[in-house]
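Shown next, in structure tokens, is the structure this report addresses.
Computed from the coordinates by the stated procedures, all read-outs in this text should not be read as laboratory data. Since we're looking at a predicted model, the values are computed, not measured. So basically every Cβ, Gly included, is an ideal-geometry build from the backbone, and we count neighbours across all protein chains shown.
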Amino acid sequence: MLSCYETEPSRLLPGAREALERLGAAGLAQGLVSSGDGSRVRREIRALGLETFFGAVVCGGETARRKPDPEPLLLALERLGVPPGETAYVGTARGRAMARSAGALAVGIPGGFPNREALAASHPDVLAPSLDEALRALLR
């Protein structure tokens, strides 16, 4: 199963690149925290041409503890030089728990993933119906 997942190419959701561009233009530092294998995640970032957007990338195995523990997010924030209280984390239900534990705002965007109900049940600080709505909330 994992080998199939590793061969499936990653694709950006519609509007994702534009959202990253708008956040960068607003002067907001951006990082990526993933439970995925670092070599795969970084390879996908390069393949999608996203290297310039992320000032910090923390992947699975780079910290002693994984999501939902706040350690990966806190490491990314340290690398970015951004305090948790000035941070918004956009992600999954597990990410919401990590963000809340770190002291960051948790933003959820239901997607095509099978965890939509888990995301809503995790009660993120902001549950935006779309990427565009989440972006508007973040830029306010």
Amide H contacts of G36 (H built 1.01 Å from N, under 5 Å, at least 5 apart or other chain): G60
Based on the mean of other beta carbon atoms within 10 Å per residue, what is the order of 73-81, 117-125, most packed first? 73-81, 117-125
Determine ³J(HN,Hα), in whole Hz, for all residues of the range 61-66 in sequence, where each value follows from phi through the Karplus function 6.51 cos²θ - 1.76 cosθ + 1.60 and θ = phi - 60°; x replaces Gly and Pro. x, 8, 10, 5, 10, 10
What is the Å³ per residue value for the convex hull set by the Cα atoms of the chain? 113
Amide H contacts of V57 (H built 1.01 Å from N, under 5 Å, at least 5 apart or other chain): L32
Using all alpha carbons of the range 85-140, what is the percent of pairwise distances in each 10 Å bin, ordered from the shortest bin to the longest? 28, 57, 15
Whose amide H sits under 5 Å from the amide H of V90, counting only residues 5 or more places off or on another chain, with H placed in the peptide plane? V107
Under the 7 Å Cα-to-Cβ spin-label approximation, E133 and R79 lie apart by a distance in nanometres of 3.2
Choose one answer from G85, G108, G95: the residue with the largest mean-square fluctuation in a GNM of the chain with alpha-carbon springs under 10 Å. G85
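Given 0.36 nm per residue, what is the gain on full extension from A64 to A47 after removing their alpha carbon distance, in nm?
3.3 nm
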Mind telling me which of E86, E71, E62 comes out most flexible in a GNM of the chain, alpha-carbon contacts under 10 Å? E86
Table column - 3J(HN,Hα) (Hz), the range 22-34, Karplus curve with 6.51, -1.76, 1.60, x for Gly and Pro: 5, 5, x, 5, 7, x, 8, 5, 10, x, 10, 10, 9
Using θ = phi - 60° and the Karplus relation 6.51 cos²θ - 1.76 cosθ + 1.60, list the HN-Hα couplings for the range 37-43 in order, rounded to whole Hz, with x at every Gly or Pro. 4, x, 5, 5, 4, 5, 4
